[in-house]
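Accompanying notes for the structure given below.
The values are calculated or read from the model by the stated rules, or taken from the named source; none is laboratory data. Here the structure is a predicted model, which is why all the values come from computation and not from measurement. Neighbour counts run over all protein chains shown; Cβ positions are idealised from the backbone, glycine included. Surface areas here come from the heavy atoms of the whole protein model, side chains and all, with no ligands, DNA or RNA. Shrake-Rupley method; radii C 1.70, N 1.55, O 1.52, S 1.80 Å.
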Amino acid sequence: MASLALTAAGCGDSSDAAGPAGATRSVPGSTAPGTASPSGVPSSAPAIAPGEPAGSEPAATGQTSRRCTADGLSMSLGRGDAGAGQIHYRLTFENTSEEPCTLHGFPGVSLIKRDGSVIGDPAGREGGTREQALIAPGGTADVSLHTLNQGTDGPGCWDRPDYLRVYPPGSTEALTLRTPQLHVCGDRFTTTAVDG
């Protein structure tokens, strides 16, 4: 089973990739429907540690499914949900492949400027690891990105990003989403584990 997960991880289509050596794949932003996906973040962007590796655990149906990889996923970012000084953004992964796949653990999430430089630190982890999410073709799984309202606590806000760079759990290839809407304030930037 471990070799199946390793095989799936290495099966990326470099023709869709953006960035160094096909390590990043761009997807359209959710904030501007119909907008073409970015040509890619410049290769000067530093590498970011990928999310927590996922094992090839049995799926809920009792069958073993491959781990979802960047070349078989798209993603979108919902509007911020504010309350009590906190803001949560729902980041959704969609399985665009023709086979079920699994996600388990935390993604690696960073804010990226147009020139490829990273804004602040990658998202920290919030909460514990959840059950492995089995995602059918066309199905989705989510994480919640958490920050604070401006002026709630601590220092000011980080610069707004041009892109989000996201490594699905266990993947060494990233997805890039063009979106300026996520605004990190109070030095609080965390992600939950994937929840199906």
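Stretching the chain fully between ALA84 and GLN150 yields a gain of 22.6 nm (0.36 nm per residue, less the alpha carbon separation). Listed peptides 85-93, 187-195 appear in the order 187-195, 85-93 once ranked by packing, highest mean of other Cβ atoms within 10 Å at the front.
Placing unit charges on the Cβ atoms only, positive for Lys and Arg and negative for Asp and Glu, gives region 130-196 a dipole magnitude near 100 debye about its Cα centre. For the set GLU98, GLU173, the ranking by accessible area, highest first and with no ligand, DNA or RNA atoms included, is GLU98, GLU173 under a 1.4 Å probe.
Distant-in-sequence amide contacts of GLN86, defined by a placed amide H-H separation under 5 Å and a gap of 5 or more residues or a different chain, comprise ASN149. Model label sites at GLU98 and ALA136, defined 7 Å from Cα along the beta-carbon direction, differ in position by 1.8 nm.
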